[in-house]
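Derivation of every value follows stated rules applied to the coordinates shown; laboratory data play no part. Worth saying up front: this structure is predicted, and the values here are computed from it rather than measured. Glycine also receives a Cβ, built like all others from the backbone with ideal geometry; neighbour counts cover every protein chain displayed.
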């Protein structure tokens with residue numbers, strides 16, 4: 001499976017993306033500023049932790065800090081997400 005992502009040069013690149021499973025949820029959801037119709041929101045997700053799932057050695061659990069900023073560069077939301085993923089070499 002692959003996904004297109006923008007490169008720093010402004011073009012898009014295709015990168016491999018692992019299969020993902022269900023999400024056990026999210027936490028620490030914050031909306032510090034309102035979002036209005038017509039706003040352009042930029043979403044960024046940064047992996048902050050990854051660990052194996054003990055009961056399923058072929059699966060991992062990834063935690064990410066996610067943020068959204070509006071066109072003025074103001075933070076409008078943030079949260080920590082969790083996602084099950086296939087482990088490499090499994």
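Simple spin-label estimate for residue 78 and residue 48 gives 0.8 nm between the two label positions (7 Å along the Cα-to-Cβ direction from each Cα). Computed extension gain for residue 86 through residue 56, at 0.36 nm per residue and net of the alpha carbon distance, reaches 9.8 nm.
Each residue in 76, 53, 44 was given a count of other beta-carbon atoms within 10 angstrom of its own, and listing them fewest first yields 44, 53, 76.
For segment 19-86, the Cα gyration tensor yields ellipsoid semi-axes of 29, 10, 9 Å (square root of five times each eigenvalue, largest first, whole Å).
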